[in-house]
Every structure is written in C-alpha cells, then in structure tokens.
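The values are calculated or read from the model by the stated rules, or taken from the named source; none is laboratory data. Being a predicted model, the structure only gives us computed values, none of them experimental. Counting neighbours? That spans all protein chains shown, and the Cβs are built from the backbone with ideal geometry, glycine included. Just so you know, the surface numbers come from the protein's heavy atoms only, side chains and all, with ligands and any DNA or RNA stripped out. Shrake-Rupley method; radii C 1.70, N 1.55, O 1.52, S 1.80 Å.
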Amino acid sequence: MSSLSHTQGRQDPPLLETTIGEAFDDAVRRHADRNALRVRHQDLRYSWRQLGEAVDRCARGLLAVGVEQGQRVGIWSPNCAEWCIAQFATAKIGAVLVNVNPAYRLSELEYVLAQSGCSWLICAESFKTSDYQAMLLELLPELAGCVPGELASPRLPALRGVVSLAEAPPAGFLAWSALQARADEVAPDVLAARSAQLVPEQPINIQYTSGTTGFPKGATLSHRNILNNGYMVGESLGLGADDRLVIPVPLYHCFGMVMGNLGCVTHGSTMIYPASAFEPEATLAAVAEERATALYGVPTMFIALLDHPRRGDHDLSCLRTGIMAGATCPIEVMRRVIAELHMAEVQIAYGMTETSPVSLQTGADDTLDLRVTSVGRTQPHLESRIVGRDGAVLPRGEVGELCTRGYSVMLGYWNDPEGTAAALDGEGWMHTGDLAQMDADGYVRIVGRSKDMIIRGGENIYPRELEEFFFTHPAIADVQVIGIPDEKYGEEIVAWIKFHPGHDASEPALRDWARTRIAHFKMPRHFKVVDEFPMTVTGKVQKFRMREISVAELQAQREAEPAVS
Ligand code: AMP
C-alpha cells in the first residue's frame, strides 16, 4: 500500500471492446422476450425484441434522411421512450448524440446547436413552461416553410431539419412517426453495413456540462467511455436480467443515459421511467407497482421521497439496491434510505460528466460506515489521485484536488482545445475541481468543490462538514452552506435551511443548539429558511445562484436599516 493518495482500481472484469450498437444487439439477442423498457407516463412497454425493432427502424429512418457517420444529432426532450430509442439508433449509425438540457431556453439552445454543429435536432413538443416548437420557430423562422432535411438557416447553417415528438407538429417539422416511416427506404443491410464500420474509440455522445459552473462545455465521449462506465456501474450493483431499475433522473445527463440505460443494456435489466421529469409520487408508485429492485437518484430526490406524505401508501419492500450520486450524499439521508426505503445495498457513486461519469463507487461488501461516509474506492481500470496546489501527489489523509485517469476520461471538450487542455493534463489526468481526501485503504471522501471552500478570517471551512453537522438537527430536512464576501473576515458563512414538513426552529434556537457542538468560527453568520434551493434540472444545487441571492438580500437589508447616529 502506498502512503501517497494514489490508487488503481481492479483489473476485472475486463473492459468491453465493442460498440454500443453491438452491445445493444447482444442484449436483444440474449433477452429477446424479457422486459426491456417500461415508460409509465406514456403507458409503453417494450420487450428487448420490440425495443430492438424500434431502434433499428429509427436508425434506418435517420439513414434515410441522410445522417452521416460522425454527424451530430441533438435531442431536446424530457425523459420518454423516444429518448432511449434515439440514443441507441444514433449509436448504431455512428451519429454523435448531443444531449440538450430540457430546461434550456433559446440562447442556450442556439449555443449548443451551433457549437456542436448539429445537423438534426429531435425535440419534444413542450416541457413545463417551454413550448419547444414555438421557441424553435422563433429561433429559425425559415423552419416554418422548409422541406424537412432542406433547412437553410443563417443562424444555424449546419442544421438540416427538426424531428418533432408531437403527434401533429406544425409544417416544417418532420413528425417522429414520419421519420420511422422513412425507414422503409433503407434496407436492413445498409444499417448493418454502417454499424460494421464503427469502432469503440469513436465519439458517440456530447454532453454539455454547466449547471453549477456557468458556461457550457461539450464533453465528448466515445462508445468505449460510456458503454464501459455503464457496465462497471451495473457490475458494482450486481445487476442482472431479473433486476428492474427505476430511473427518475434525467436521460440528458449521464446519470440517466449511461448509469441508467447503458447499465441496464449491459446486464439485460429493465429500464423504468416513472415520469417525464422527477416527481416523487410517480417515482414511489413506479417502484411499488413495477416491483422494482433498484432505484437511482440525487440526494435531493431521495430526501423528497423520504419526506413524501404518501410514502407509506406504497410498498417499497421490493427494493434491494440503487445509487445515490451527483452531489454530496449526506450520511443521515443514506442511513434513512437504507432503513426506510429498504435499499439495504444502496451505493454511493462519485464522478462527473467528463469521466463518463463514475470514477469511484462504494461496494456491496463495504462496511455500513464506509457506505454512508465515503464515495468508495476507485472503479475498475481507473486511477485516482489527490494533488496539492503544486500538482504533487499528497500523503494519504490530506485534502487536495481529486484527479481521475483511465478509459472513462472524455476525448475532450468539443471544438475547445484550450478548455480541454485546462481540464486534462499531459499525462491524461482529468482535474475534477473537487476537494477530497483518501484514507489508508483507498476510500475517498469528498470535502467539496474547490471553489466552494470558504476562507473566513484565515480559517478554511468546508461547507460539506457544516452541512453534515446541521443535518443531524431533527427539524432540518436539507441544508446548504455557502460563503459570501465580507469586509471584516474576507468571507462569511450563510446556511440555507429547509425544514421537514411540519417542523421548524427559530434562529436563536438553532444557534443555541450549534454553539456547544461546533467551533465558534464555523457558526453561520446568517441563516435563511427556504422551501426550495435553486437547482439545475439534474438536481444539483446551484451554489453560485445562492451566493448571488444572499449577497443581494443582505445588501438590501443593510440599505433598509436606519443609519446609526
Ligand atoms: P456533473 O458533471 O454534472 O455530473 O457534475 C459533477 C460534479 O458533481 C462533481 O465534480 C462533484 O462536484 C459532484 N458530485 C458528483 N457525485 C458526487 C458525490 N457522490 N459526492 C459529492 N459530489 C459529487
């Protein structure tokens, strides 16, 4: 064992050296009549054979409209069956699927379509308050009169056409059903010939990562990256053909399309989508009624499920395992998920879009303590290390930046060599920007984002530590700690708090409770009670937004206060 914070994952099982299309066809052959996909909000069910037929039809439709190998095809839609079908259809023809965040508005949509040079876009009719078709017609007035496939727009010169998932889309859009009908123009052999040309190292997916950081960058991932990551995540969970996985996380994010869809395809497990976007009640009902064995979610989703007033109406005893990931997984929430959601084998995964995403994961045989307090050990065929500001590997136990290397690391950011060089060093290490420490046995604990660390009066304060602490207060359902600028101390601590339904506590009571339990310099200067945190669609808390809000509110308060004479 090394005394330095550097570990290598196991070398087994071997990596899959196939394309996504081959892995998908293999699942279709092996599991033919078993359940592949259940989409509850569309009331759809597919066996593997039926899903295979739907995917091939879509792939031939895309070939018929002229999609070339390597061309980018965007998808702008909340979770639905067509998302899954498009994922595997594009993979089979070697088109690079570009995941567009369903919450994007016009300027963000234009940015990602232009930056990736999409030749086709598949879009839903609408999502929440976004009318996608109206937005597209505003962005591309030429679309209204165009023959699908012959769009010529000065704003998006690469874009040829838009496929709409609406039942009766306006003129200019190609209906999804019409795309499927065009499959008849292309013989199955043509599709097989295209698939045979593909190799696992080719790019197959671009995911724009932004959310907590701001400006979106297109992480470009190969078959080899994401197929293997889905496979290894499923291996860690022990998924098999009898498992049924509820996927309430968005498909546009790697949690849904890699850990969810590819995790299931590589193990013959059933994919279950409860709703178009996360809804606690629909998720609980999906688990109970589909007799699910596994459930995925980010911490805020699990908190919503645990606190749901009608949770008791649903029999969740069928659950065995699942994953909590995507953000700090509070210890208290993990304990409750094990005890109250029956997920005895739940695991924590850690990663980021740029690393396919998962690079560390707890295992079924880890002790309960490690399974709730750490993000586990390095995944097979990967390396992790923790470096100091000077780039040197730190001794075990010291806090520094976590870096990942191996098959899962992205090819780069799309058309952005500078951004790529800033994230990936010359030795292939992806610099995560997360602060972490590694123990003697190689278990890693995430301390926070390096830019979220608060320096108050010269003391380093890790928000994660304070969040875990406030979680132990019986009235607190969720808590986020941020730093805001302060003239005297450099930074001051603000705690945003959500109480459990029907509970609360006054600020003086919270302070009294905390005073005897934490060092005085860690005491938040301000508490803010909220019902919701500002979130990305993937359920990540946007700390930069919280900082902006707190700074503005405190400024307004100061201005309203009478001047002391
Ligand atoms: P994304 O690329 O959207 O998946 O975001 C990646 C970021 O999410 C990481 O850099 C971490 O900051 C955070 N993250 C993901 N999983 C975890 C975890 N298990 N614990 C703490 N933070 C996490």
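Averaged per residue, the chain has 39 square angstrom of accessible surface, using a 1.4 angstrom probe with ligands and nucleic acids left out. Working value for region 520-565: equivalent-ellipsoid semi-axes of 27, 15, 9 Å, each the square root of 5 times a Cα gyration tensor eigenvalue, largest first.
Centre-to-centre, using Cα atoms only, region 1-38 and region 494-565 are separated by 43 Å.
I need the fraction of alpha carbon pairs in region 3-149 separated by more than 20 Å, rounded to a whole percent. Here the long-distance tail beyond 20 Å is 58 percent of all Cα pairs in region 3-149.
Using the Cβ of Thr420 as centre and a radius below 13 Å, the other residues enclosed give a net charge of -3, where K and R count +1 and D and E count -1. What shape does region 454-559 have by the C-alpha gyration tensor, where a ≥ b ≥ c are the square roots of the eigenvalues, rounded means a/c under 1.5, and otherwise prolate means a/b greater than b/c and oblate the rest? Rounded is the answer for region 454-559, as its axis ratio a/c remains below 1.5.
The solvent-accessible area of Met324, taken with every protein chain present and a 1.4 Å probe, is close to 0 Å². A simple spin-label model places the labels of Glu548 and Tyr111 1.1 nm from each other, with each point 7 Å out along Cα-to-Cβ.
With only Cα atoms counted, region 218-449 has Rg and Dmax values of 17.4, 55 Å.
Applying both filters, DSSP loop and at most 16 other Cβ atoms within 10 Å, to the trypsin sites (Lys or Arg not before Pro) of region 137-223 gives Arg155. What does DSSP give for the chain in terms of the percent of beta bridges that are antiparallel, rounded to the nearest 5? Here the antiparallel bridges make up roughly 60 percent for the chain.
Please work out, to two decimal places, the log10 of the ratio I(q)/I(0) at q = 0.07, 0.09 Å⁻¹ from a Debye calculation in which every Cα of the chain carries one identical scatterer. Relative scattering, expressed as log10 I(q)/I(0), comes to -0.41, -0.69. Straightening the chain between Val393 and Lys488 buys 30.8 nm, computed as 0.36 nm per residue apart minus the Cα-Cα spacing.
Rolling a 1.4 Å probe over the protein chains gives Thr378 an accessible area of about 20 Å². Across the chain, the relative contact order, built from alpha-carbon pairs under 8 Å that are at least six residues apart, equals 13 percent. When the label point is put 7 Å from the Cα of Asp441 along its Cα-to-beta-carbon vector, which residues of region 370-390 have a backbone N closer than 16 Å? 370-379, by backbone N distance to the label point. With the alpha-carbon atoms of region 351-449 aligned to their principal axes, the span from lowest to highest coordinate is 44, 28, 21 Å, starting with the largest. Summary value for region 218-449: 18 percent relative contact order, contacts being C-alpha pairs under 8 angstrom separated by 6+ residues.
Charge tally around Arg29: other residues with Cβ under 11 Å, Lys/Arg +1 each, Asp/Glu -1 each, net -1. On the beta carbon distance between Glu185 and Leu4, with R0 = 60 Å, the FRET formula returns roughly 0.50.
Ellipticity at 222 nm from helices only: DSSP H runs of n ≥ 4 in the chain, each -39500 (n - 2.57), divided by the residue count, give -9000 deg cm²/dmol. Here region 119-159 and region 395-468 have alpha carbon centers that stand 39 Å from each other. Between their Cα atoms, which of Lys217/Lys543; Lys498/Lys522; Lys488/Lys528; Lys92/Lys451; Lys92/Lys540 are more than 29 Å away from each other? From Lys217/Lys543; Lys498/Lys522; Lys488/Lys528; Lys92/Lys451; Lys92/Lys540, over 29 Å: Lys92/Lys451; Lys92/Lys540.
The Kirkwood hydrodynamic radius of region 267-369, based on inverse pair distances between different Cα atoms, is 14.1 Å. Considering every alpha-carbon pair of region 182-309, the percent of pairs per 5 Å bin, from zero through the bin containing the longest distance, is 2, 10, 16, 17, 17, 16, 12, 7, 3, 1, 0.
State the Cα centre-to-centre distance between region 289-315 and region 324-387 in whole Å. That distance is 18 Å.
Between Thr129 and Asp425, residue separation times 0.36 nm minus the direct Cα-Cα distance comes to 102.4 nm.
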